[in-house]
Amino acid sequence: MASEEDSPRTFVPVPPEERPRRSRSTARVLLIDDRDRILLFADSDPGIPGVQWWITPGGGIDDGESEAAAAVREVEEETGLRITEADLIGPTMRRTVVHGYSDVVIDQQDFFFACWVPAFEVSTAGHTEEEQLTMAAYRWWTRAELASTDEEIWPAVLLDLWKDADVRRESAAPADPADGGWVEESTVPA
């Protein structure tokens, strides 16, 4: 029998004070191509039609799985691209984030990695049922497009994170992840 932690989201709005609260750790990846573009997915909260934001590929870390192994798995599931742990730089940042949605509040520990890849055609065939419902689109973004967009980007510090990843890539020296602190990214405040 699945626990509340494992049960699927309902996407049916509930009063904010009655939303169940879940926690998880995630691996997220700044996937940067050889044209200096970053891949983002348009995510949404089906309980609030018309609201969307852009996120990096990534998702939950399974029991017994390392952050890097989860990053590799999530990239393949969400994009169709196979990478290895050796292709990753990082984690470059660790942060605590709370996501308040219309049906749930999720407390998350995010680990961000960076990976440079040749330009490729994204395949969403590996998306989970939930991702098929919430992730409306994907797009490769340039730095200039990110800097000038009015669209919501999670994390808001993505351009800074990208710059930091560039520095880490050039130095090739191992470094501790930056502390991204605590942030809230919500469609319905937690």
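Using r as the Cβ-Cβ distance of residue 170 and residue 12, and R0 as 30 Å, what FRET efficiency do you calculate, to the nearest 0.05?
It comes out at approximately 0.05.
Compute the length gained on full extension between residue 144 and residue 34: take 0.36 nm times their separation in residues and subtract their Cα-Cα distance, giving the result in nm to one decimal.
Here the segment from residue 144 to residue 34 would lengthen by 38.0 nm.
Where the convex hull is taken over the Cα atoms of segment 29-164, what is its projected area averaged over directions, in nm²?
Here the figure is 8.2 nm², rounded to one decimal.
With each run of n ≥ 4 DSSP H residues scored as -39500 (n - 2.57), what mean residue ellipticity at 222 nm is computed for the chain after dividing by its residue count and rounding to the nearest 500 deg cm²/dmol?
My calculation for the chain gives -6000 deg cm²/dmol from helical runs alone.
Quick check: the angle from helix 158-171's long axis to the longest principal axis of the chain, C-alpha only, nearest 10 degrees?
It is inclined by approximately 30 degrees.
Which value, in debye to the nearest 20, describes the size of the charge dipole of segment 1-101 about its Cα centre when Lys and Arg Cβ atoms bear +1, Asp and Glu Cβ atoms bear -1, and nothing else is charged?
So the magnitude is around 340 debye.
Taking 2.2 N^0.38 Å as the expected size of a compact globular protein, what ratio does the Cα radius of gyration of segment 83-136 give against it, to two decimals?
Working it through for segment 83-136, the quotient is 1.47.
Output the peptides 99-110, 151-162, 129-140 sorted from most to least packed, where packing is the average of other Cβ atoms within 10 Å over each peptide's residues.
Most protected by this proxy first, the peptides run 99-110, 151-162, 129-140.
What's the magnitude of the charge dipole for segment 62-190 around its Cα centre, counting Lys and Arg as +1 and Asp and Glu as -1 at the beta-carbon? Answer in Debye, nearest 20.
Rounded to the nearest 20 debye, it is 540 debye.
Please report, largest first and rounded to whole Å, the three semi-axes of the ellipsoid equivalent to segment 30-80, where each semi-axis is the square root of five times an eigenvalue of the C-alpha gyration tensor.
Whole-Å semi-axes of the equivalent ellipsoid: 22, 18, 7.
Show me, bin by bin at 5 Å from 0, the whole-percent P(r) of segment 140-190 based on Cα pairs.
4, 15, 24, 18, 19, 13, 5, 2, 0
Any read-out appearing in this document is the output of simple, stated calculations on the displayed coordinates, not a laboratory observation. Since the model is a prediction, treat every value here as computed from it, not as a measurement. Note that we place each Cβ from the backbone using ideal geometry, even for glycine, and neighbour counts take in every protein chain shown.
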